[in-house]
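J.: Provided herewith is a single structure, encoded as structure tokens, for subsequent inquiry.
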Amino acid sequence: MILTKYALDHNFNIYNYYIDDGFTGTSFNRPGFKQLINDIESGLIDIVITKDLSRLGRDYLESGKYIERFFPEHNIRYIAINDMVDTSKDENTDIIP
């Protein structure tokens, strides 16, 4: 509900929800995450929104690789709502690992 409200409040189209209930966030070998990466590589999405940074993954070094390298290489804007991170605004990325 938090993500849906945020997306609708900011006029973002919702393409999909990537859910990994029952899988540890310490691994990036999760079905929902792998589908997200596939959809990014297929050019289907351009924004990834999570509730907070830990929802992307709990391995902060690996999460940082996605946020700092993979997402920019694929023109993905990343938003972590509760952490006030928005990669389209450089001043909000200081807390990213």
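The values are calculated or read from the model by the stated rules, or taken from the named source; none is laboratory data. Only a predicted model underlies this, so the values are computations on that prediction, with no experimental measurement involved. All Cβ positions, even for glycine, are placed from backbone atoms using ideal geometry, and neighbour counts span all protein chains on display.
J.: I'd like to check something: does the range 3-16 contain any residue that is in a loop (DSSP other than H, G, I, E, B) and in contact with a strand residue (DSSP E or B) (Cβ under 7 Å, 6 or more places away or on another chain)?
T.: For the range 3-16, residues in a loop (DSSP other than H, G, I, E, B) and in contact with a strand residue (DSSP E or B) (Cβ under 7 Å, 6 or more places away or on another chain): present.
J.: Given the conditions (1) farther than 23 Å from Asp21 by Cβ; (2) hydrophobic (A, V, I, L, M, F, W, C); (3) at pLDDT below 95; (4) surrounded by 15 or more Cβ atoms within 10 Å (Cβ to Cβ), which single one is not true for Phe71?
T.: Of the numbered conditions (1) farther than 23 Å from Asp21 by Cβ; (2) hydrophobic (A, V, I, L, M, F, W, C); (3) at pLDDT below 95; (4) surrounded by 15 or more Cβ atoms within 10 Å (Cβ to Cβ), the odd one out for Phe71 is (3).
J.: Follow-up. Among the candidates Asn92, Asn38, single out the residue that is over 20 Å from Met1 (Cβ atoms), at pLDDT below 95 and not charged (D, E, K, R). Let's see the steps before the verdict.
T.: Values: Asn38 fails: at pLDDT below 95.
On inspection, the qualifying residue turns out to be Asn92.
J.: So which of Asp52, Asp39, Asp20 is touching a strand residue (DSSP E or B) at 6+ places or on another chain (Cβ under 8 Å), surrounded by 12 or more Cβ atoms within 10 Å (Cβ to Cβ) and charged (D, E, K, R)?
T.: On the way: Asp39 fails: touching a strand residue (DSSP E or B) at 6+ places or on another chain (Cβ under 8 Å); Asp20 fails: touching a strand residue (DSSP E or B) at 6+ places or on another chain (Cβ under 8 Å).
None of the others qualify; the one that does is Asp52.
J.: Looking at this structure, is Tyr66 in a strand (DSSP E or B) and free of Cβ contacts under 8 Å to residues at least 60 places away in the same chain?
T.: no
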